[in-house]
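Down below is the structure, laid out as structure tokens.
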Amino acid sequence: MEPLHARYPFLGESRAAVEEAGVDLAALVTEGGPPVERAVERVEYALEEGSVGDTHRRPRVELLSYPVARVLVSLVDEHVLTRKYARAEARTAHERFTADFATETELRSTADTSLTRAELLAEFDLTGSVRAVGGEYRVSVGTYLQLAADQRDDEWRLVNRELRDGEVPLEEGELDVLLEAAVRARVTEGLPLSVPEPIAEELSGPVEYLEELLADLDFTRDIDTVVPELFPPCMRALLDRVQKGEHLEHHSRFAIASFLTSIGMSTDDIVDLFEVNPGFGEEATRYQVNHIRGQTSPTEYSPPSCATMQSYGDCVNMDDRCETIAHPMAYYEDALDDADEEEVTDWREERD
Ligand code: SF4
């Protein structure tokens, strides 16, 4: 187990190094200790910081923590966690490989802890579909479409790129972004793993801890960002109806008002957003919003889950993201995470 394997645990040779060392995963988790602790830390950092934290000083611990972290993510088995975890592993890898590429010599990377761009391309079978031309790269269009599929910015859309003889020209930094996408796909591959019962039992404590952490993040995290274009389809539809002056049943008014409260809108903001409604009852709205927020009642209400929305007929226009979540708040958090921060404008800023 080399330091290179510890820095890039998703590589085929890293996995082979674990296999060659004859490590038994069941024995490893039963024993507990540093590899399991570092695995929990990996996932914890992924949730809270979007990275996997600092490497452990012992390469063996660092490398073994990776398969254990994948098992933990599989046991929690929540789409939001899997996505955040894969993204954090990929982001950390991106930081490391871009630093390695910067110190790369023409012959070989500077030490056996480093990776060259050519090695990373070979790892993902991209050698034949990516070629260097002058100071830039050309990527075959099929590979480009596959790797750029998750990029949200318009600049990545094929219609906005140059296309030369079936290849897309890319700058070095852009190619590295696509390599990060390849790492993300590699980390996600096979998740959730099917985990044998004895291993699941040994890890029940850490799994419970991570589930709690995730629940806290999902619903107590202060989102405080109002981007109506990213609202879940159900909330966009309800807001649309309010703004058209349609009468909403109590459960529907409750759903949209509690959702807007939960994403950080003040009562005045909500009144402002609703006020385009010609049949708008400002006092009634204020009363309901203050009640939901717990100002005039003993309880602070959360918006209803997807199951409740469905039972009231408020779940409409479901899209692909809806298949991956169980709560409109999780939908919105996911959509915000995926959006490019610079392209997201808070409705309150636009209004002011
Ligand atoms: S699945 Fe959930 S988030 Fe999507 S539209 Fe239905 S209620 Fe809204």
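To the nearest Å, what is the center-to-center distance of region 117-193 and region 22-53, using C-alpha atoms only?
Between the Cα centre of region 117-193 and that of region 22-53, the gap is 30 Å.
Mind sorting His5, His251 by how few other Cβ atoms lie within 10 Å of their own Cβ, fewest first?
Numbers: His5 22, His251 14.
Placing the least packed residue first, the sequence is His251, His5.
Which of rounded, prolate, oblate describes the chain, given a ≥ b ≥ c as roots of the alpha-carbon gyration tensor eigenvalues and a/c under 1.5 marking rounded, otherwise prolate only if a/b is larger than b/c?
Oblate shape, in that a/c is at least 1.5 and b/c is the bigger or equal ratio.
Once both axes come from the Cα atoms, what is the angle between helix 34-48 and the longest principal axis of the chain, in degrees from 0 to 90, rounded to 10?
40
Treat every Asp and Glu Cβ in region 3-214 as -1 and every Lys and Arg Cβ as +1, leave all other atoms uncharged, and give the resulting dipole magnitude about the Cα centre to the nearest 20 debye.
In debye, rounded to 20, region 3-214 gives about 380.
Taking the 0 to 90 degree range and rounding to the nearest ten, how far is the long axis of helix 204-220 tilted relative to the main principal axis of the chain, both from C-alpha atoms?
Helix 204-220 and the main axis of the chain meet at about 40 degrees.
Once you keep just the Cα pairs under 8 angstrom separated by 6 or more residues, what percentage relative contact order results for region 3-214?
Relative contact order comes out at 26 percent.
Cut-off is 10 Å between beta-carbons; in what order do Cys234, Cys322, Cys306 appear when sorted fewest neighbours first?
Details: Cys234 25, Cys322 16, Cys306 19.
Going from sparsest to densest Cβ surroundings: Cys322, Cys306, Cys234.
Just so you know, all these numbers are worked out from the coordinates, no wet-lab data involved. Just so you know, these numbers come straight off a predicted model, no measurement behind them. Don't worry about glycine lacking a Cβ; one is built from the backbone with ideal geometry, like all the others, and counts go over all protein chains shown.
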